[in-house]
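Values in this text are rule-based calculations from the coordinates and carry no lab data. Since this is a predicted model, take the numbers as computed values, not measurements. Cβ atoms come from the backbone with ideal geometry, glycine included; neighbour counts cover every protein chain shown.
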């Protein structure tokens, strides 16, 4: 099949099968996303971040844990240290590269835990209604009543410092917005003729929720997750800054800023470089999230 024929096949308005319809929808969404130049910039930054994390041992010019007090606080571009060194003589660029692994680890775990928990709570509350809805939504309201970082600090204080506990704390504070969104989507979907027809065919609540309601919530969920990643990265960096996230000598970006704040006036690069890394990755997620919203959210009419 030639490229032109394949393109016409993917852009057809009359798909011949479910698989054809899915592929056509995915391709049209990709065209919409690709037409958004800022979203592609964000995607390129995130792809670069992933590749950097994967090939960190090859890319990093130095061991991120090796200390050399004779080379401490070297400026940007000095000798063999492109981005300078910290107070213990460790290469900042190498620690930044290895820190990408920790950032992606946190983002991946939170993205697996929080949206799934929120989707489950929201769809069950929206479909069941009644006292189940009231109880689940009041629990959600309690979590939403506290600022995310403050609540995460409380959970980490109870669980203990460490990256796994930080991930769990952030996940416990991040799920309520997904639950609210999933409930709103479910309330709209559950009374449609489509769901009534499936119910008349004998489908039970579990099958209706998992096979027919969840797929319709996925696109909004993906957009919300992508837009929330910036906040999650900032929360993780905040915990690391306070010494409650990844523990030394892990090259976590928030911890690097905390370590460099003592030298911010005379040796500004020690804290500024990891701060710029956090800013860049957070911006990339926001740019990509805006593009995905245009491509995936039918209410925005992104075509």
The chain: angle of helix 148-159 to the longest principal axis, Cα-based, in degrees nearest 10 | 70 degrees
Quote the relative contact order of the chain in percent (integer), defining contacts as alpha-carbon pairs under 8 Å separated by 6+ residues.
-> 23 percent
Could you tell me how many degrees, from 0 to 90 and to the nearest 10, lie between the Cα long axis of helix 18-34 and the main elongation axis, the longest principal axis, of the Cα atoms of the chain?
-> 40 degrees
Taking the chain as a Gaussian network, Cα atoms linked when under 10 Å apart, which of 20, 62, 267 shows the biggest mean-square fluctuation?
-> 20
Hey, what angle do you get for helix 214-241 against the long axis of the chain, alpha-carbon based, 0 to 90 degrees rounded to 10?
-> 20 degrees
Show me 5-14, 181-190, 25-34 ranked by packing, highest mean number of other Cβ atoms within 10 Å first.
-> 181-190, 25-34, 5-14
Indicate the gyration tensor shape class of the chain (rounded, prolate or oblate), computed on the Cα atoms with a ≥ b ≥ c the square roots of the eigenvalues: a/c under 1.5 is rounded; otherwise a/b larger than b/c is prolate and the rest oblate.
-> oblate
Residue 25 and residue 207 label points (each 7 Å along its Cα→Cβ direction) are spaced in nm at 2.0 nm
Under a GNM of the chain (C-alpha, springs under 10 Å), which listed residue has the highest mean-square fluctuation: 233, 195, 163?
-> 195
May I ask you to derive the FRET efficiency for residue 193 and residue 8 from their Cβ-Cβ distance with R0 = 41 Å, giving the value to the nearest 0.05?
-> 0.80
With a Förster radius of 45 Å, plug the Cβ-Cβ distance of residue 16 and residue 135 into 1/(1 + (r/R0)^6) and report the FRET value to the nearest 0.05.
-> 0.45
Contour excess over end-to-end distance, with Cα ends at residue 266 and residue 218 and 0.36 nm allotted per residue | 12.4 nm
Taking springs between alpha-carbon atoms closer than 10 angstrom, which of 139, 45, 106 fluctuates most in the Gaussian network model of the chain?
-> 139
Given the peptides 85-92, 210-217, 173-180, arrange them by the average over their residues of other C-beta atoms within 10 Å, most packed first.
-> 173-180, 85-92, 210-217
Gain upon complete extension [residue 143, residue 63; 0.36 nm per residue less C-alpha separation] = 24.7 nm
